[in-house]
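Presented below is the structure to which this report refers.
Read the figures in this text as sums done on the coordinates, not as results from a lab. As the structure is a prediction and not an experimental result, all values here were calculated from the model. FYI the Cβ positions are ideal-geometry reconstructions off the backbone, even for glycines, and counts take in every protein chain you see.
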Amino acid sequence: MNKEYLYPEIPQLNPFSFFGATSLVNSDPILKNGYSFCCFVDNLDNPSPFFAAAISSSSNSTYFYKFTVSGKIPNFSEFGMLETPTNEGILIHLHLETYLRKFGPKIYYFIGDGKWGSHFLRYQTIAAYYHIDIIPNVSNRYFSEDFALDSFKNHVQELYQSDSLSKVTLPYLFRELVSIMCFFGYLDKKEIPDQDYFCFGLLNEPFNKFNNDSFNPVLTGERPITPSSVKQIRSLFKFVKLSLTKFGYEILSNEDVFISTLAAVNKLQNDNGIPEGPCNNRTVQLILNSLLRKKVDPFTDFKLYGIDLKSPNIDSHPKYGAIEGSKLDETSKRFATGVSRAIAQLPSPISNISSIRKQILELTNTGANCIGTISKNVNLINQDLKKTKSIANDLKQEVSKSLDQYSNTDQLLKGLITMNDNLDQKMDSIKLSMRKEIRKSNWLLVILIVLVYLSVKNWLLPKLRQ
């Protein structure tokens, strides 16, 4: 019989769960006392072994789900987990200090009611909004049930709408980006579990590679997936698709557009001696070179867009042909001479072509100069950034030194204050001692005066009697 485990997270909701394949024994969770429930923000919307975990706590309660593991039992200690046998099954909970020591600092929030099922979708959605650059950070206020997420849904709709996605939802957007990343070879389809879910953190690395191939590093932001980068890769896909159609490759409309377009790409690769695969940089370069070498026939282009224009066959038409002077009468000869003189005054087609070529070259040079200027400006920005970074580092060192000096000064002041307190205590002690000594001296003086008085009296009395 398979062992039954208790865990506060439903493994089926996480395709990357360290439990692997599981089967729920009971869909109703079991409330267990002595545990608090903790959600790890960095793990949300990422290919993580778990999103949340239970932690020992005497004053809290958490709901656990019971299930069996179909495959290999994981080594729970690798994830900082502990196993505690109970009557309901083996309870898996996290030793927080071990986990943080092993995997580094983490942002985590405690969930008061201990119910992961009622918070899972909201928390995943908030993390996804962060990954696709809708919200600036993942702060605690977003996780509050009082915080409305409707405005963020509208932002996603406005910023990520496309021809193929009239109504943008996170699962559909994720599937589109997965397909387009696989199409261009930035992602392997085998890495994506065949489940209906979204995990934009999985696409960060592929989009990083795409951004590095497409943009100057100075122009890219902190997050790889942005409306601009998605728009860029969508445009690149549309360009490849239209180019293949122009080359005569068939793209079936009744299939998945990415599958049918990739089939056309593979045919193009076969025709040009390139190994079959995704539409990589070599294939895109081949398409660009083919377009530059292609001679444009206007009649073919019109026909491509459904406009069938037929040029007349001049050789077989009775009214077209060369003018033969020997067959003309005097009036026709004068007319032909006048036409020739008028045509002679028109600019030569070759000169027009030369003029156009000159304008194109001038435009190209202007564009090259602009690009050169932009490149110089980007280099200057890079240099300024390096200088700023250097100044920031120097400032950081100075601040660190100042803090050290402040710490030393603070310690010195504390030492002086301690010395002053000690001196005050000693002075008070000396004052007390002096008062005691003065009191002793006063008593001695009184006694001395009394003794002198008695002595004088004893000496004078006999004298006076005589």
Handout entry: Peptides 268-280, 245-257 ordered by average Cβ neighbours within 10 Å, highest first
Key = 268-280, 245-257
Handout entry: Kirkwood Rh in Å, taken over the stretch 1-159 so that all alpha-carbon pairs contribute
Key = 16.5
Fill in the blank from the handout: Sequence order, the stretch 70-83: Karplus ³J(HN,Hα) from phi using 6.51 cos²θ - 1.76 cosθ + 1.60, θ = phi - 60°, Hz rounded, Gly and Pro as x, gives 7, x, 6, 6, x, 8, 4, 5, 4, 9, x, 9, 10, 10
Exercise for the section: Name the shape class, rounded, prolate or oblate, that the alpha-carbon gyration tensor gives for the stretch 12-56, where a ≥ b ≥ c are the square roots of its eigenvalues, rounded holds for a/c under 1.5, and otherwise prolate holds if a/b is larger than b/c and oblate otherwise. Expected result: oblate
Problem - For the stretch 198-205, 3J(HN,Hα) per residue [Karplus equation, 6.51 cos²θ - 1.76 cosθ + 1.60, θ = phi - 60°, Hz, x = Gly/Pro] - result: 9, 7, 5, x, 5, 9, 4, 5
Handout entry: Long-range HN-HN contacts of Y35 with modeled amide H, under 5 Å
Key = S57, N60, S61, T62
Handout entry: Neighbour-count ranking [beta-carbon atoms within 10 angstrom, fewest first] of M427, M81
Key = M427, M81
Handout entry: Cα-based radius of gyration of the stretch 10-94 once divided by 2.2 N^0.38 Å, which approximates compact folds
Key = 1.05
Handout entry: In the stretch 170-228, GluC sites (Glu not before Pro) in a DSSP loop with at most 13 other beta-carbon atoms within 10 Å
Key = E222
Completion exercise
Whole-Å distance linking the alpha carbon centroid of the stretch 106-147 with that of the stretch 52-78 is 21
Problem - Derived scalar couplings ³J(HN,Hα) [the stretch 237-250; Karplus, 6.51 cos²θ - 1.76 cosθ + 1.60; whole Hz; x for Gly, Pro] - result: 5, 5, 4, 4, 4, 5, 5, 5, 5, 5, 6, x, 7, 7
Fill in the blank from the handout: The long-range amide H neighbours of L82, using H built 1.01 Å from N in the peptide plane and a cut-off of under 5 Å, are H93, L94, H95
Exercise for the section: Let me know the whole percent of all Cα-Cα pairs from the stretch 180-219 that are separated by more than 16 Å. Expected result: 39
Exercise for the section: Please report the base-10 log of the normalised intensity I(q)/I(0) for the stretch 160-293, using a Debye sum with one equal scatterer per alpha carbon and no solvent, at each q in 0.13 (1/Å). Expected result: -0.57
Handout entry: Residues M181, M434 arranged by fewest to most Cβ contacts within 10 Å
Key = M434, M181
Completion exercise
Fewest to most Cβ atoms within 10 Å: S162, S429 sort as S429, S162
